[in-house]
1. Looking only at the range 222-243, count how many residues are surrounded by fewer than 17 Cβ atoms within 10 Å (Cβ to Cβ) and within 16 Å of ligand 3 (Cβ to nearest atom).
2. Scan the range 129-176 for residues that are modelled with pLDDT of 95 or more, among the acidic types (Asp, Glu) and in contact with a strand residue (DSSP E or B) (Cβ under 6 Å, 6 or more places away or on another chain) and report the count.
3. Under 7 Å by Cβ, and 6 or more places apart or on different chains, what pairs join a residue from the range 244-273 that is at positive phi and crowded, with 19+ Cβ neighbours inside 10 Å with one that is aliphatic (A, V, I, L, M) and not in a helix (DSSP H, G or I)?
4. Answer with yes or no whether GLY184 is over 30 Å from ASP160 (Cβ atoms), surrounded by 14 or more Cβ atoms within 10 Å (Cβ to Cβ) and either in contact with a helix residue (DSSP H, G or I) (Cβ under 8 Å, 6 or more places away or on another chain) or hydroxyl-bearing (Ser, Thr, Tyr) (or both).
5. May I ask you to say which residue of ALA204, ALA219, ALA159, ALA155 is more than 20 Å from ARG113 (Cβ to Cβ), surrounded by 15 or more Cβ atoms within 10 Å (Cβ to Cβ), out of contact with any Asp or Glu (no Cβ under 9 Å at 6 or more places or on another chain) and not hydroxyl-bearing (Ser, Thr, Tyr)?
6. If you scan the range 87-99, which residues turn out to be crowded, with 18+ Cβ neighbours inside 10 Å and either hydrophobic (A, V, I, L, M, F, W, C) or closer than 12 Å to ALA266 by Cα (or both)?
7. More than 21 Å from GLY228 (Cα to Cα) and either aliphatic (A, V, I, L, M) or more than 14 Å from ligand 3 (Cβ to nearest atom) (or both): is that true of GLN210 in this structure?
8. Checking LEU188 against (1) at pLDDT 95 or above; (2) more than 23 Å from ALA59 (Cβ to Cβ), which single condition isn't satisfied?
Amino acid sequence: AKQQQRGSSQYFSAAMGSDARERFKLLKGLRTGFEESQLFVVYQPQVQLETGRIIGAEALLRWRTVDGRFVPPDQFIPLAEQSGLIIPIGEFVMRTACNQLNKLRSLGYDDFRMAVNVSMAQFRHPGFIDMLARSLQDCGVHGQNIELEITESMAMEDADLVLRVLADIKQLGFSVAIDDFGTGFSSLSQLRQLQVDRLKIDRAFVQEAQSSTAGSTIAQMVVNLGRGLGLTVIAEGIETEEQRQYLIGLGCHEGQGWLFAKPMPAEELEAWMKR
Ligand code: C2E
Ligand code: CA
Ligand code: CA
Ligand code: CA
């Protein structure tokens, strides 16, 4: 038994060490990858649920390493957040999205709305609002055509800070969506205070809506809550026609998911929109 114990603790510390080494390696790779333009942005259309008409797109970050491997954002974004790298990377995403918005306007899509994800680390950064203002100016676009997606958990983490930064964001004309809605525990009064424009139902509830009572209850409540507060409600992760019909039945306005289109590079988005 003693030997077994020693064996397992050895295994444990070895695993911890290699885990930390892995993360360090990944972060180093991310740093050079960013410098060497391995990061790029793809766009996933957002549509009106009933008509399928495109209203905008969400910008999503991708990292392809030199050997052609894709590292999922769920792995490298937390690292970028912890290391501070999210500040330059977040600026890169914002500027890329603004340039693409400008391009789409020159192609005649005037009221296209570009959604961009932002992290708490960016909200905490003192240069965040300046970065946003400069991006708008340099790319010749209006805040009105951009929506910042903040997560529900962010709104809970430091409500005072988020409220303050949101006020400045609103001044620049941006709209704001609460992402992954239903996964946190925000209260009705907190939600009202935040003055957001849109609620985005988390993919988990969309995909559970027809199979579990809890999933469908949450989906129903989020739609009712959003509608009751006069907000637009968008659902993410819609993969089937049944899910689309179900969400229309609940009164959900907009949607995003593989049923309509997967995230794609800018040129593909432009081609997709022409059809
Ligand atoms: P998110 O903001 O909740 O983004 C939605 C995720 O769902 C995306 O994953 C998208 O590709 C995926 N998705 C879209 N439609 C479907 C569908 O029909 N079925 C399924 N199963 N999945 C679908 P992705 O691109 O891997 O991004 C993961 C997360 O990484 C994002 O979740 C977001 O939190 C974060 N992220 C991505 N880009 C950025 C960025 O530029 N900045 C920040 N701060 N976070 C980002
Ligand atoms: Ca999002
Ligand atoms: Ca989401
Ligand atoms: Ca998510």
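The values are calculated or read from the model by the stated rules, or taken from the named source; none is laboratory data. These numbers come from a predicted model, not from an experiment. So basically every Cβ, Gly included, is an ideal-geometry build from the backbone, and we count neighbours across all protein chains shown.
1. Of the residues in the range 222-243, 1 are surrounded by fewer than 17 Cβ atoms within 10 Å (Cβ to Cβ) and within 16 Å of ligand 3 (Cβ to nearest atom).
2. Qualifying residue count, the range 129-176: 2.
3. Within 7 Å, the pairs are GLY257/ILE238.
4. On the way: over 30 Å from ASP160 (Cβ atoms): no; surrounded by 14 or more Cβ atoms within 10 Å (Cβ to Cβ): yes; either in contact with a helix residue (DSSP H, G or I) (Cβ under 8 Å, 6 or more places away or on another chain) or hydroxyl-bearing (Ser, Thr, Tyr) (or both): yes.
In short, no.
5. Numbers: ALA204 fails: out of contact with any Asp or Glu (no Cβ under 9 Å at 6 or more places or on another chain); ALA219 fails: out of contact with any Asp or Glu (no Cβ under 9 Å at 6 or more places or on another chain); ALA159 fails: surrounded by 15 or more Cβ atoms within 10 Å (Cβ to Cβ).
Matching residue, one of ALA204, ALA219, ALA159, ALA155: ALA155.
6. We begin by selecting, within the range 87-99, every residue crowded, with 18+ Cβ neighbours inside 10 Å; these are 87, 89-91, 93-94, 96-98.
ILE87, ILE89, VAL93, MET94, THR96, ALA97, CYS98 - these are the residues of the range 87-99 that are crowded, with 18+ Cβ neighbours inside 10 Å and either hydrophobic (A, V, I, L, M, F, W, C) or closer than 12 Å to ALA266 by Cα (or both).
7. On the way: more than 21 Å from GLY228 (Cα to Cα): yes; either aliphatic (A, V, I, L, M) or more than 14 Å from ligand 3 (Cβ to nearest atom) (or both): yes.
Considered against the rule, which asks whether it is more than 21 Å from GLY228 (Cα to Cα) and either aliphatic (A, V, I, L, M) or more than 14 Å from ligand 3 (Cβ to nearest atom) (or both), GLN210 comes out as yes.
8. Unmet for LEU188, out of (1) at pLDDT 95 or above; (2) more than 23 Å from ALA59 (Cβ to Cβ): (1).
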